[in-house]
């Protein structure tokens, strides 16, 4: 809790307090201007959800007695209390993400049930602090990949995985279609999906790596490569061109992980080495099996799938419940994964078509369960 002790430490001299206040004011002006600039660029300055402003003092008081901390990708989420109600307070640890854009986009999407609702923010720290509604949640990455009791694992049934996939897909479709120009997330992965443990609803968090397409354009060139290796669109990685299909690839990897329950290609090929994480997937596997002269080389997901049947690679925890009865749904789902993770973006479907196919598969599952009952 050293970080929080630093935040709440009392300054013994009045000049130290004045110096601190001056720094807070400077941060406020700089960050406030940056957030306004993002709002103007994204939505002509209009904000669907009013953003409440909190002072640094209010944030410090809110987390003063906090003992709960959730580690996400490059951020810490801490429970706190504001106006006698619980909240989640988020501190960013990464200097290279655009927290101002995250505030602007989250404010525009907080009316969606599948986005963690933004209550307000504090601009008086060097890195702005975001305050969200309180949700008793676990990240999808923890639910899928970390050690959980058998009951928790079994609770992530095939039906629930389909619902999560649909909920994430609908949020990405909103990003691509409901703003002045499409917004590309660039870092879709289970670490940025929180699952409400009371309702089971998936809630997306963190749009700090997002980028907008220029008006009337289908792509944008970005010199700074953003994302996570295992989820990174290989075409974007090689050319630096961002399109809507960049998100389709990342989402395809997430779909693959929901199907298999495995974190990375390494963990699927060998369980000998412990502590595998997404960013340490061995590119050697890819390099040794891929001919880079091929204009359409197979992606790592395609190399793993090859001619596998979906039922052979599906997570056994939900197969125990449904087994052969959902075979066709699994095959259709795996076919969608293949379409999303093919090398060339032009050969991938748009997210709206991905979402429609997922809805169809989920409807088939519901029809099956109704018949069984």
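The values are calculated or read from the model by the stated rules, or taken from the named source; none is laboratory data. As the structure is a prediction and not an experimental result, all values here were calculated from the model. Here the Cβ is made from the backbone with ideal geometry for all residues, glycine too, and neighbour counts use every protein chain on show.
For region 172-189, how many residues meet the condition of being part of a helix (DSSP H, G or I) and over 12 Å from residue 213 (Cβ atoms)? Number satisfying all stated conditions: 3. Residue 249 - would you say it is in the same structural domain as residue 305 (by TED's automatic domain parsing), more than 30 Å from residue 317 (Cβ to Cβ) and either at pLDDT 90 or above or outside any strand (DSSP E or B) (or both)? Answer is no for this residue. Within the set 47, 121, the sole residue that is surrounded by fewer than 18 Cβ atoms within 10 Å (Cβ to Cβ) and either modelled with pLDDT under 70 or under 30 Å from residue 224 (Cα atoms) (or both) turns out to be 47. If you check residue 169 against the conditions, is it in contact with a helix residue (DSSP H, G or I) (Cβ under 6 Å, 6 or more places away or on another chain), within 24 Å of residue 97 (Cα to Cα) and assigned to a helix (DSSP H, G or I)? So residue 169 passes the test.
Residue-by-condition table, conditions (1) in a loop (DSSP other than H, G, I, E, B); (2) under 15 Å from the mean Cα position of the chain (by Cα); (3) under 17 Å from residue 173 (Cα atoms):
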| residue | (1), (2), (3) |
| --- | --- |
| 91 | no, no, no |
| 104 | no, no, no |
| 111 | yes, no, yes |
| 121 | no, no, no |
| 135 | yes, no, no |
| 138 | no, yes, no |
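Of all residues in region 211-228, those satisfying the criterion of being under 19 Å from the mean Cα position of the chain (by Cα), assigned to a loop (DSSP other than H, G, I, E, B) and either outside the structural domain of residue 343 (by TED's automatic domain parsing) or surrounded by 15 or more Cβ atoms within 10 Å (Cβ to Cβ) (or both) are 226, 227, 228.
Of the residues screened, residue 231 is one that is under 23 Å from residue 202 (Cα atoms) and either surrounded by fewer than 17 Cβ atoms within 10 Å (Cβ to Cβ) or modelled with pLDDT of 90 or more (or both). Just so you know, in region 59-89 the residues that are under 20 Å from residue 190 (Cα atoms) and in a loop (DSSP other than H, G, I, E, B) include one that is modelled with the highest pLDDT, and it is 74.
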